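Visitor: Can you keep this structure in mind? I'll have questions shortly.
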Amino acid sequence: MDKSMRKMQKEVDDYIGQFKEGYFSPLAMMARLTEELGELAREVNHYYGEKPKKSTEEEKTIEEELGDVLFVAICLANSLNIDLQTAHDRVMNKFQTRDKDRWTKIEEEQN
């Protein structure tokens, strides 16, 4: 099921909103985001790097870890009233203007 970024932000906000504690402080969420990024890095290293998993380590996937990173990033944005769709659009505009000639483009096939 395709979801817009705004729908994802609302879904997370609805989930967090059912608890008295609400969102953690931005600093606590930054620490949590760092923790989740470390777990993602560990999984990427296991799949693509030179460090195999220990037999005692829990089986996780890169997809699961990316989902955790996304959830915490959405929590942080929501707590700071940041619209991630707007943030995304601004970043893409920057890449499409300032950085438009930075990388070698793939040539379209001639028919």
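Visitor: Find the residue count for the stretch 57-81, including only residues that are among the β-branched types (Val, Ile, Thr) and modelled with pLDDT under 95.
Guide: Selection size over the stretch 57-81: 2.
Visitor: Just checking, which of Lys105, Lys20, Lys54 is modelled with pLDDT of 95 or more, farther than 22 Å from Met8 by Cβ and loosely packed, with under 10 Cβ neighbours inside 10 Å? Spell out the reasoning first.
Guide: Numbers: Lys105 fails: modelled with pLDDT of 95 or more; Lys54 fails: modelled with pLDDT of 95 or more.
Matching residue, one of Lys105, Lys20, Lys54: Lys20.
Visitor: Another question, if that's okay. Would you mind finding the one in Lys105, Lys53 that is without any contact (Cβ under 8 Å) to a residue 12 or more places away in the chain, in contact with a helix residue (DSSP H, G or I) (Cβ under 6 Å, 6 or more places away or on another chain) and not β-branched (Val, Ile, Thr)? Talk me through it step by step, then tell me what you get.
Guide: On the way: Lys105 fails: in contact with a helix residue (DSSP H, G or I) (Cβ under 6 Å, 6 or more places away or on another chain).
Exactly one residue qualifies, and that residue is Lys53.
Residue by residue, here is whether (1) outside any loop (DSSP other than H, G, I, E, B); (2) among the polar types (S, T, N, Q) holds:
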{"site": "Leu66", "(1), (2)": "yes, no"}
{"site": "Leu70", "(1), (2)": "yes, no"}
{"site": "Ala73", "(1), (2)": "yes, no"}
{"site": "Ala77", "(1), (2)": "yes, no"}
{"site": "Ile82", "(1), (2)": "no, no"}
{"site": "Thr86", "(1), (2)": "yes, yes"}
{"site": "Phe95", "(1), (2)": "yes, no"}
{"site": "Trp103", "(1), (2)": "no, no"}
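Visitor: Going through the stretch 79-111 one residue at a time, which ones are of a type in the set (A, V, I, L, M) and more than 17 Å from the chain's Cα centre (by Cα)?
Guide: As a first pass, look at the stretch 79-111 and keep what is of a type in the set (A, V, I, L, M): 80, 82, 84, 87, 91-92, 106.
Across the stretch 79-111, the qualifying residue is only Ile106.
The values are calculated or read from the model by the stated rules, or taken from the named source; none is laboratory data. Owing to the predicted nature of the structure, the values given are computational and were not obtained by experimental measurement. With ideal geometry, Cβ positions are generated from the backbone for all residues, glycine too; neighbour counts draw on all protein chains shown.
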